[in-house]
Amino acid sequence: MDTQTLDTAAVAAFLKDKLPGFDKAIEATKFAGGQSNPTFLLQTNAGNYVLRRKPPGQLLKSAHAVDREFRVQKALHGSDVPVAKMHVLCQEPSVIGSDFYVMDHVAGRNFNEPTMDGVNNEDRSAIITDMNRVLAALHEVDIEAVGLSDYGPPGHYLERQVGRWTKQYRASETQNIPSMNSLIERLDADMPEDDGQRTLVHGDYRIDNMIFETEGTRCLAVLDWELSTIGHPYADLASVIMQWQLPAGPQGRGLMGVDRASLGLPSDAEFVGAYCERRGLDRVDRFGFYVAFCFFRMGAIIQGVLKRAIDGNASNPERAMQLGAFVPVFADNGLKALESDQ
């Protein structure tokens with residue numbers, strides 16, 4: 001399945017009467033990042049847009065929900081949570097072979113790694129501070145006021161998520177990974193009681209899913225809302241810390257072994273503390289469980305990425321195969337996080 005190219009003629013024909021700039025030839029360039037929904041820069045005579053589509057081919061149930069991405073970002077536009085402006089959602093697969101949506105292109109800086117190479121310490125600190133601010137703002141969104149009260153089912157978010165991702169993992173399993181099996185069992189056995197917190201959650205909140213000012217440190221847009229739902233806010237907070245606990249470098253894209261103070265970066269505890277202060281919280285109980293859950297979910301996600309690469313419909317096949325080798329690493333780290341929770 002071809003996920004690297006886009007039928008620009010079909011896109012232009014569909015959007016000609018819906019958006020300016022699509023009455024003439026357009027150019028499409030695929031963004032290198034992202035493993036789930038192929039994303040393209042559209043250059044038109046009236047300016048630049050971004051098209052994000054479901055990958056073609058057989059997909060896991062409920063995955064690649066571009067309609068949900070479109071809905072949540074449209075609802076958040078103009079709020080304290082910066083997002084790109086949404087324009088058109090196409091749910092007619094006959095146009096290009098799968099559903100897609102078109103949004104504004106947000107020009108700015110994107111950092112693939114939290115070390116932010118080439119950025120001075122003052123700006124690194126300010127960028128992470130704004131990342132923290134946006135996360136707290138996300139969890140303070142009035143879901144009823146923005147029309148998202150039905151964006152996720154009621155009930156125990158963590159229990160529901162562990163069940164969902166266990167099914168997704170089993171559906172894309174390509175080999176037996178004992179540590180992943182143990183992590184699933186432990187998450188089920190150690191599940192904390194539902195404390196009633198229910199907020200909008202991003203589901204994959206990390207620095208490489210954000211656009212910042214080219215010359216400044218303010219966040220201009222949070223991207224990749226595929227996993228967003230109504231859930232528990234601590235899962236988003238733990239997602240940041242999970243990322244930082246991975247190996248540093250282009251593969252792990254974490255901060256393991258990095259002298260954070262020398263780079264102007266906060267410790268895990270400092271980031272969590274700043275978040276709690278912004279939201280008026282005393283502390284986060286059972287935080288190790290939330291981190292373990294995030295390691296599990298990401299392990300299940302990249303297992304799905306690996307399966308799509310094997311099946312021939314991955315967005316970036318080479319990167320997908322590299323990521324697949326990290327599933328046991330995520331499982332091991334998840335088990336360690338559970339031990340820290342005891």
Study note, to complete from the structure: Yeah, the stretch 91-206 with a ≥ b ≥ c from its alpha-carbon gyration tensor (a/c under 1.5 is rounded, else prolate when a/b outruns b/c, oblate otherwise) is rounded
**Study point:** Residue list for the stretch 138-170, given a label point 7 angstrom along the Cα-to-Cβ vector of Asp194 and an amide N cut-off under 16 Å
**Key:** 150-164
Point to revise | Degrees separating the helix 66-76 axis from the principal Cα axis of the chain, which is the longest one | key: 80
Study note, to complete from the structure: Treating only Lys and Arg (+1) and Asp and Glu (-1) as charged, each at its beta carbon, one finds that the stretch 234-332 has a dipole about its Cα centre, in Debye to the nearest 20, of 240
Check your understanding: Under the definition of Cα pairs under 8 Å and six or more residues apart, what whole-number percent is the relative contact order of the chain?
Key -> 19
Review point. Given charges of +1 on the Cβ of Lys and Arg and -1 on the Cβ of Asp and Glu, with all other atoms neutral, how large is the dipole of the chain about its Cα centre, in debye to the nearest 20?
Key: 780
Check your understanding: By the scheme Lys and Arg +1, Asp and Glu -1, what is the net charge of all other residues having a beta-carbon under 11 Å from that of Ser172?
Key -> +2
**Study point:** Filter on Lys30/Lys167; Lys167/Lys336; Lys167/Lys307; Lys24/Lys54 - keep pairs with C-alpha separation over 21 Å
**Key:** Lys30/Lys167; Lys167/Lys336; Lys24/Lys54
Study note, to complete from the structure: So the angle from the long Cα axis of helix 327-340 to the longest Cα principal axis of the chain, reported in degrees to the nearest 10, equals 40
Study note, to complete from the structure: Under 5 Å from the placed amide H of Arg109, counting only residues 5+ away or on other chains, we find Phe212, Glu213, Thr214
Review point. How would you rank 252-259, 220-227, highest first, on the average number of other Cβ atoms within 10 Å across their residues?
Key: 220-227, 252-259
**Study point:** Helix 287-311 vs. the chain, principal-axis angle (Cα, 0 to 90°, nearest 10)
**Key:** 40
Exercise for review: Choose one of Gly203, Gly47, Pro250: the residue whose Cα lies farthest towards the positive end of the charge dipole of the chain (beta-carbon charges +1 Lys, Arg; -1 Asp, Glu; about the Cα centre).
Suggested key: Gly47
Check your understanding: In the set [x] 97, 43, 34; [y] 58, 47, 46; [z] 61, 45, 41, which value of Cα extents along the principal axes in Å was calculated from the structure you see?
Key -> [z]
**Study point:** Solvent-accessible heavy-atom area per residue, rounded to whole Å², over the chain at 1.4 Å
**Key:** 43
**Study point:** J(HN,Hα) series, the stretch 164-171, from Karplus relation 6.51 cos²θ - 1.76 cosθ + 1.60, nearest Hz, glycine and proline x
**Key:** 5, 6, 5, 5, 5, 5, 4, 5
**Study point:** Residue (of Trp225, His87, Ala274) at the positive-pole extreme of the chain, dipole from beta-carbon charges
**Key:** His87
Exercise for review: Work out from phi, with θ = phi - 60° and the Karplus expression 6.51 cos²θ - 1.76 cosθ + 1.60, the ³J(HN,Hα) of each residue of the stretch 239-248, listed in order in whole Hz, and give x for Gly and Pro.
Suggested key: 4, 5, 5, 4, 4, 5, 7, 7, x, 6
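The values are calculated or read from the model by the stated rules, or taken from the named source; none is laboratory data. Just so it is clear, the structure is predicted and the values come from calculations on it, not from any experiment. Here Cβ is always computed from backbone atoms with ideal geometry, including for glycine, and neighbour counts include all displayed protein chains. Side chains included, ligands, DNA and RNA excluded: accessible areas come from the protein's heavy atoms. Shrake-Rupley method; radii C 1.70, N 1.55, O 1.52, S 1.80 Å.
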